[in-house]
Amino acid sequence: MLIWALFAGMTIIAVSIVLVPALRRRRGESASVEAGEVAVYRDQLAEIDRDVEAGLVGTVEADAARAEISRRILRAGRHVDATRAASGGSRLVPILAAVLVPIIAVGLYARLGHPTMPDMPLEARKTAAPAGNSLEELVAKVEAHLAANPNDTRGWEVLAPTYMHLGRFDLAAAAWRNAIRTGGPTDRRYNELGRTLVAGGDDQVSPEARAAFEKSLEIEPNGILPRFFLAVALSQDGKKAEAVAAWKDIVGRGKGDEPWLADAREELARAEADLAGRPFEPPAPAPAAPSAPAAPSTAAPGPSASDVEAAAKMSPEERAKMIETMVDRLRDRLWTSGGPLDDWLRLIRFQTMIGQTDAAGQSLDKARAAFAGDAAALARLDALAGAKP
Amino acid sequence: MIVEIGHYALVLALALALVQSVVPIWGAVKGDERAMALAGPISVGQFLFVAVSFAALTYAHVVSDFSVVNVFENSHSTKPMIYKVSGVWGNHEGSMLLWVSILALFGALVAFFGRNLPQTLRANVLGVQAWVAVAFYLFVLLTSNPFARFGQPPMEGRDLNPLLQDVGLAIHPPLLYLGYVGFSIAFSFAAAALIEGRIDAAWARWVRPWTLTAWVFLTLGIAMGSYWAYYELGWGGWWFWDPVENASLMPWLAGTALLHSAIVMEKRDGLKIWTILLAILAFSLSLLGTFLVRSGVLTSVHAFATDPARGVFILGILVLFVGGSLTLFAARAATLTKGGLFAPVSREGALVFNNLFLTAGTATVFVGTLYPLMLEATTGGKISVGAPFFDMTFGPLMVPLLIALPMGPFLAWKRGDILAVVQRLAAVMVLSVVAVLVTWILKGHDILPALGVGLATWLMLGSLAEILWRIKLFTEPGVSLRRAVGLPRSAWGTFLGHFGVGVMLLGIVAEGAWKIEHVLVMKPGDHIRVERFDVAFERAVPNSGPNWDEVIARFKVTDGTSNPPIVMEPSKRTYRTRSMPTTETAIETYGLFSQLYLAIGEAQGEGVAMRIYWKPLVLLIWIGTLIMSIGGVVSLTDRRLRVGAPTPHRAASAAAMPAAAE
């Protein structure tokens, strides 16, 4: 409520600034134009004397200048009669103006301001109770703690997965590096660093990530996860024979009941197919269905795995082009020979997604024409149209 | 709460400015004293409220209150305190708030110092000042509100543009704005004179200190900006003829002409039309500068066209004030009484010459700055008008002006004797020719720089000769000291101002003609010879600051003498939040004015791209502008210039003129 009192106080000050001088009794004394003008001319007369003294002007010129200035003084004097001195005045106008001040101020502020919103200095927010705090605020708190105690390994290890969760892969990788720096190298920390780098690099195993996995293997020569990634890296680099050897090595390390073994076998088969230059036939969904926690994401089983991997290996431009070709193919088919409603809906959604909004509009019109008699289909089309921005 | 207090204070300032823009002028028309008397207190009140508003925004920046959008977009909690504060005006909204704050400050100062201005003039001046204020309050509140809030504030801000996290840029905008906005006073006086239809020597006397103040700040502001570009951007250049720079140069040129015109008006009651027109031009160009920099039209005409709210608003302000004042000028200028007559060869004549060349110079800069924008807006074609254009147009225009400059102060008012002036300057002419010859012989028979050095010598010695002649050092050395003390301070100001131009020119010529530039890739262990220096790259060292990481390249520099080698450490910084790199140059000054300049570029394999410059006499460029500004300040302290000194004029003039009192 204090704020309202302050607003009121400020308004009163502003109004009185307008009112007080208006209501005060006039003293009736004010500098006239002429007084100021004559003062300047008198100074000029004095300056001429000084210029003579300085030798800037000769006596003749000085006399001429004096005469000139004297004429100006006379002219200024004549103005005194011409202009009448202003006096008094009405109180109505200032009072009217004083009334307008709060109206304008309150009216405009009501539109623009947020009078009930408190200040939110960062320090105060950081020390506030954690209840109801967002993830970002918690992160900020841990960050502040680590800025003050940069050697707190546990802090970095807590922060790193959170950054991953927020999609800040660069920060997550930096956090793991800090954890390694402060807590010493362990295979787990290097594995996590490597995984973070892969996740942040569009699932590509960068040289940096490879170095991390190699370090992990130096510490724990029996590690499986780093071997997985290093094998993927070999295929990624086109070293097909070496990749097959690496996968064989991994499969050979399994006793038979490890959760990752199925994935490793599948990858081996894929690598062998790749080496032989024949298309890879994915096996039927593995009985040990859920993929192992240690399995890299690129090895996820499923019918589309090869497509996804192919897409993953493409550059973003290539990928966009591939999607565009697929959408165009679908469009050509539906626009020329028609198709089921679900295909139409998919087409419209895709076209909107890749920015072909005009084409999406045309598809919508064509679909509406095709299903003109089908109320349920039209309703779904309308719902989709409504959902589009 | 403090933030909202600041917001409300800004709205109240607008309400007061609205009253101030109407009531006093109405009073002046009606002869209503009560209404006219409102102008003073309201302009002081207006300033108080804006000051509260500015303080509130500063507070929000200092405590990192990210619920304020402006703070979120331009601040970061790890930023050093000085840049948290300078970040207040390091962005669009905050800088416009600074603009209106300074406008209100000047209004309050006029109200305070102008208490014995003629009543109607004071009411009209403050009324016109309030028109400008209203336009800019509306602009700030409606299109660029620094007090916009977030309901769910983020935990961290986006940080200030790293290039602006620099001491130079912390003080550059306030100086520049003090200059820009200072011309608003001259503008208001000019508009008031046109409204009243009368203008006299007294008018010029009140206008001159305000113009001088604005000019001093603008000079310092431009010099500061130029020095910042020199050491921060890492390209070694000090003036790029960039539209942003030109935007500040144009009002400066017009303001310089205005300053000289006002002298004629004050002393001789002449050049009235010139003075009024220049006052309007100087402020109009300040508005244009604000428009160019603040509307985003420079970044891209198209970006401006797609988000035109701000640009169109400022354009509206520009059209309203420039168009309005010029219309007023066209309608009323003829009614102003003509000033005294003078011969072509006279001090007045010299100052008209000065006005003509400065105005023409302004026009060339204007064309060079706006033509590319116009072309892009109309045809979509992109051209860039750079240094070659300005070197060929602006340069030649300035040469006759600079040649004439030392002669002007020697000329008498009304009718001068050019032969007498030539006689008095004969020794200086001989010395200047000697300077040309010596430079030509010593510096590789290159005629242009030699002529440049000659011109700089002519300017420096010429202005020195004038002051020595005034104190009769050569004719009556006995009285020199007494005369030097008795000389009006404005005479010393003239000397310093003109001398500074010569010093600056010497720096420009030397830097332009004899700089040495090496761009190369260096690996640790490499060394290179630049002029007389041996520059050895020792190693790269990583380092980190509060909100940035950097790689320092450590260099050992020996200067070919027995002096111990010095270490120079240019670095490349990356600011964490914006992941934006900046170059931190390493600069070492030799022989007072010359500098060795090291800047790191991109890493190239194992090495790093280096730019190494030897800049002879480069510091003179800014020392010259500093001397010019000091001249302005000295002239400002001249008692004769004080507006509305409360003592009766007879005593004041006696105290100010001991020479005359003898």
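The values are calculated or read from the model by the stated rules, or taken from the named source; none is laboratory data. From a predicted model like this one, the values you see are computed outputs, not experimental measurements. Note: ideal-geometry Cβ built from the backbone for every residue, glycine included; neighbour counts use all protein chains shown. Side chains included, ligands, DNA and RNA excluded: accessible areas come from the protein's heavy atoms. Shrake-Rupley method; radii C 1.70, N 1.55, O 1.52, S 1.80 Å.
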Looking at the stretch B:183-208, residues buried by 10 Å² or more relative to their chain on its own, accessible surface at probe 1.4 Å, turn out to be B:Arg198, B:Asp200, B:Ala201, B:Ala202, B:Arg205, B:Trp206
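First compute the accessible area of the stretch B:76-164 with a 1.4 Å probe, then give the percent of it belonging to carbon and sulfur atoms.
Working: 1670 of 2490 Å².
Roughly 67 percent, rounded to a whole number.
Quick check: at a probe of 1.4 Å, how many percent of the accessible area of the stretch B:486-548 sits on carbon and sulfur atoms? Walk me through the numbers on the way to the answer.
Details: 1650 of 2880 Å².
The C+S portion of the solvent-accessible surface of the stretch B:486-548 is 57 percent.
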Here the alpha-carbon Rg of the stretch B:319-475 over 2.2 N^0.38 Å rounds to 1.40
Expressed in nanometres to one decimal, the distance between label points 7 Å along Cα→Cβ at A:Arg42 and A:Ser337 is 10.8 nm
Between the modelled labels at B:Arg482 and B:Ile82 (7 Å from Cα along Cα→Cβ) the distance in nm is 5.0 nm
Taking the dipole of the protein assembly as shown about the Cα centre (Lys, Arg +1; Asp, Glu -1; charges at Cβ), the one of B:Ala387, A:Val205, B:Asn354 that reaches farthest to the positive side is B:Asn354
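Let me check I have the definition right: for the protein assembly as shown, take the eigenvalues of the Cα gyration tensor, multiply each by 5, take square roots. What are those semi-axes in whole Å, largest first? All intermediate terms of the calculation are to be shown ahead of the outcome.
Details: eigenvalues 925, 313, 142 Å².
Calculated on Cα positions only, the semi-axes equal 68, 40, 27 Å.
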For A:Lys215, the aspartates and glutamates lying under 17 Å Cα to Cα, once residues fewer than eight places off in the same chain are dropped, come out as A:Asp187, A:Glu192
The value for the stretch B:108-204 (convex hull of the alpha-carbon atoms, volume per residue, Å³) is 153 Å³
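Over both sides of the A-B contact, add up the buried accessible area with a 1.4 Å probe and give it to the nearest 100 Å².
Details: alone 24980 and 28090 Å², together 46440 Å².
Rounded to the nearest hundred, the buried surface is 6600 Å².
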Taking a straight Cα-to-Cα line shorter than 17 Å from B:Lys556, and setting aside same-chain lysines fewer than 8 residues away, one finds B:Lys523
The whole-number value in µm²/s of the Stokes-Einstein translational diffusion coefficient for the stretch A:154-282, with Rh from the Kirkwood sum over alpha carbon pairs at 37 °C and 0.692 mPa s, is 213 µm²/s
Membrane-span-like helices (DSSP H runs, Cα span along own axis at least 27 Å, mean Kyte-Doolittle at least 0.0) in chain B -> B:2-30, B:39-62, B:92-113, B:119-143, B:167-196, B:201-232, B:243-268, B:272-294, B:347-379, B:447-470, B:489-514
Expressed per residue, the solvent accessible area of the stretch B:83-216 in Å² (1.4 Å probe) is about 22 Å²
What the 5 Å binned alpha carbon P(r) of the stretch B:473-611 shows, as percent of pairs per bin from 0, is 2, 8, 13, 15, 12, 10, 9, 7, 6, 6, 5, 4, 3, 1, 0
Ignoring ligands and nucleic acids, B:Trp492 exposes an accessible area, probe 1.4 Å, in Å² to the nearest 10, of 70 Å²
Among B:Tyr227, B:Thr211, B:Asn547, the residue whose Cα sits farthest towards the positive end of the charge dipole of chain B (+1 at Cβ of Lys and Arg, -1 at Cβ of Asp and Glu, taken about the Cα centre) is B:Thr211
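Ranked highest first by the average count of other Cβ atoms within 10 Å around their residues, in what order do A:102-112, B:622-632 fall? Working shown, then result.
Numbers: A:102-112: 16.3, B:622-632: 21.6.
Top of the packing list down: B:622-632, A:102-112.
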Taking every alpha carbon pair in the stretch B:1-132 and sorting the distances into 5 angstrom bins from 0 up to the bin holding the longest one, the percent per bin comes out as 2, 12, 20, 19, 14, 11, 9, 7, 5, 2, 1, 0
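According to the Cα gyration tensor, what semi-axes, each the square root of 5 times an eigenvalue, does the equivalent ellipsoid of chain B have, listed from largest to smallest in whole Å?
On the way: eigenvalues 333, 281, 94 Å².
The answer is 41, 37, 22 Å, longest axis first.
Taking the stretch B:107-146 on its own, what percent of its Cα-Cα pair distances exceed 14 Å? Walk me through the numbers before you get to the answer.
Working: 416 of 780 pairs.
Cα-Cα pairs in the stretch B:107-146 separated by more than 14 Å: 53 percent.
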Expected field for B:Ile441, accessible surface area in Å² at 1.4 Å probe radius, rounded to 10, holds 110 Å²
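Please calculate how many Å² of accessible area the stretch B:230-290 carries per residue, with a 1.4 Å probe and no DNA, RNA or ligand atoms counted.
Working: 1320 Å² over 61 residues.
Counting only protein heavy atoms, the per-residue value for the stretch B:230-290 is 22 Å².
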So the carbon and sulfur contribution to the accessible area of the stretch B:169-221, 1.4 Å probe, in percent, is 76 percent
Under the 7 Å Cα-to-Cβ spin-label approximation, B:Asp391 and B:Asn543 lie apart by a distance in nanometres of 3.6 nm
Given unit charges at Cβ for Lys, Arg (+) and Asp, Glu (-), the dipole magnitude of the stretch B:238-297 about its Cα centre in debye, nearest 20, is 180 debye
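If you stretched the chain out fully between B:Ala609 and B:Thr335, how much longer would it get, using 0.36 nm times the residue separation minus the C-alpha to C-alpha distance?
Numbers: separation 274, 0.36 × 274 = 98.64 nm, distance 6.51 nm.
The B:Ala609-B:Thr335 span can extend by a further 92.1 nm.
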Each residue of A:65-73 has, on average, a number of other protein chain C-beta atoms within 10 Å of its C-beta equal to 2
Partner aspartates and glutamates whose C-alpha sits under 12 Å from that of B:Lys515, ignoring same-chain residues fewer than 8 away, are B:Glu531
Mean 1/r over distinct Cα pairs of the stretch B:157-204, inverted to a Kirkwood Rh in Å, yields 13.7 Å
Mean accessible area per residue over the stretch B:416-455 (1.4 angstrom probe, all protein chains present, square angstrom) is 62 Å²
For the stretch B:148-260, using Cα atoms only, the Rg and Dmax in Å read 18.8, 60
To the nearest 20 debye, the stretch B:1-121 has a Cα-centred charge dipole, built from +1 on Lys and Arg Cβ and -1 on Asp and Glu Cβ, of 240 debye
FRET efficiency (A:Gln204, A:Arg329; Cβ distance; R0 30 Å; to 0.05) is 0.60
